[in-house]
Amino acid sequence: MRIPPGTYRLELLPVVPAFHRKARRRRELGQGQLVYYGPQPTYYGIGEVKHVVDGYVAVDFRGTGQFGVHEDVFRPEYLIPIPPRTLALL
């Protein structure tokens, strides 16, 4: 799945602190899945999972957030998947 171009309403994404029960749910993050940084969605923006290696997830944010980050690596507890139906609202 590709990140559509445009400006996002990142303030609509709920804040989910790392290691919160919602962030700890067992889920598989796979290549192409859209995610955001749960503790502060506006910092990194919306990203696409590029690789999952040894418990870490590489995400391409393409500079969609305030920090202008293009790629970073996270533990899965910090990432929240974005359902396709929610993306239309952003």
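Restricted to the stretch 63-85, and to residues that are without any contact (Cβ under 8 Å) to a residue 24 or more places away in the chain and over 13 Å from the mean Cα position of the chain (by Cα), which residue is nearest to Ala18 (Cα to Cα)?
Restricting to residues being without any contact (Cβ under 8 Å) to a residue 24 or more places away in the chain and over 13 Å from the mean Cα position of the chain (by Cα), the top hit is Gly68.
List every residue pair whose Cβ atoms lie under 9 Å apart, where the two residues are 6 or more positions apart in sequence or sit on different chains, the first residue falls within the stretch 9-32 and is under 20 Å from Glu48 (Cβ atoms) and of a type in the set (A, V, I, L, M, F, W, C), and the second residue, located anywhere, is in a loop (DSSP other than H, G, I, E, B) and at pLDDT below 85.
Leu10/Leu90; Leu12/Leu89; Leu12/Leu90; Leu13/Leu90; Ala23/Pro17
The values are calculated or read from the model by the stated rules, or taken from the named source; none is laboratory data. Source: prediction; values computed, not measured. Cβ sites come from the backbone with ideal geometry, for glycine too, and all protein chains shown count toward neighbours.
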